[in-house]
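The values are calculated or read from the model by the stated rules, or taken from the named source; none is laboratory data. Remember, predicted model here, so these are calculated numbers, not experimental data. Backbone-built Cβ (ideal geometry, glycine too); neighbour counts: all protein chains shown. Ligands, DNA and RNA are excluded from the accessible area calculation, which covers all protein heavy atoms including side chains. Shrake-Rupley method; radii C 1.70, N 1.55, O 1.52, S 1.80 Å.
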Amino acid sequence: MPAFRIAKENLEEGITLFTVQGFLDAHTFEELAKEMSDVFASGVFKLAVDLSGLEYISSAGAGVFIEAIGTAQQNDGDIVLLRPSPSVKEVFDLLGLSQIFTIKESREDAVKSLRVRV
């Protein structure tokens with residue numbers, strides 16, 4: 001199993017980019033939830049999450065995004081997902097989350113999408 005890794009990068013205009021790699025499941029979801037909570041606590045509610053390196057997501061992992069998008073949207077923010085792998089996209093489709101989340105193929109498109117949500 002590949003190591004689970006999260007990288008954070010502050011982008012322009014109060015947007016944070018998360019890059020998530022490995023397996024997001026019952027053993028790792030709390031780490032991502034804490035990182036997102038810390039960003040929200042700093043007053044940033046616009047998140048882009050690059051999922052291109054995420055090989056697997058469980059329902060517990062998807063739950064992190066469900067909880068986080070509620071917090072983001074209550075604070076005039078949003079979460080945009082970037083380049084989910086086919087297997088991760090399939091989980092989002094099966095759970096009906098592809099209708100809730102904006103999914104983009106480039107960082108620039110994600111930033112544009114978040115920028116208009118003012």
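So the values come out like this:
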{"quantity": "Strands (runs of 3 or more DSSP E) fully within the range 1-90 counting 3 or more residues that are open to solvent by 20 Å² or more (accessible area, probe 1.4 Å)", "calculated": "5-10, 15-24, 46-57"}
{"quantity": "Condition broken by Asp93, with the remaining ones in (1) charged (D, E, K, R); (2) part of a strand (DSSP E or B); (3) free of Cβ contacts under 8 Å to residues at least 40 places away in the same chain satisfied", "calculated": "(2)"}
{"quantity": "Verdict on Ser98 being outside any helix (DSSP H, G or I), hydroxyl-bearing (Ser, Thr, Tyr) and either out of contact with any Pro (no Cβ under 7 Å at 6 or more places or on another chain) or more than 19 Å from Val116 (Cα to Cα) (or both)", "calculated": "no"}
{"quantity": "Any pair with Cβ under 8 angstrom, 6 or more apart, that starts in the range 1-27 at a residue that is hydroxyl-bearing (Ser, Thr, Tyr) and ends at one that is not in a strand (DSSP E or B)", "calculated": "Thr16/Val39; Thr16/Val44"}
{"quantity": "Scope the range 101-118; condition more than 15 Å from the chain's Cα centre (by Cα) and either assigned to a helix (DSSP H, G or I) or over 18 Å from Leu11 (Cα atoms) (or both); matching residues", "calculated": "Glu108, Lys112, Arg115"}
{"quantity": "Count - residues of the range 91-118 that are open to solvent by 80 Å² or more (accessible area, probe 1.4 Å), closer than 19 Å to Met36 by Cα and either in contact with a Gly (Cβ under 6 Å, 6 or more places away or on another chain) or β-branched (Val, Ile, Thr) (or both)", "calculated": "1"}
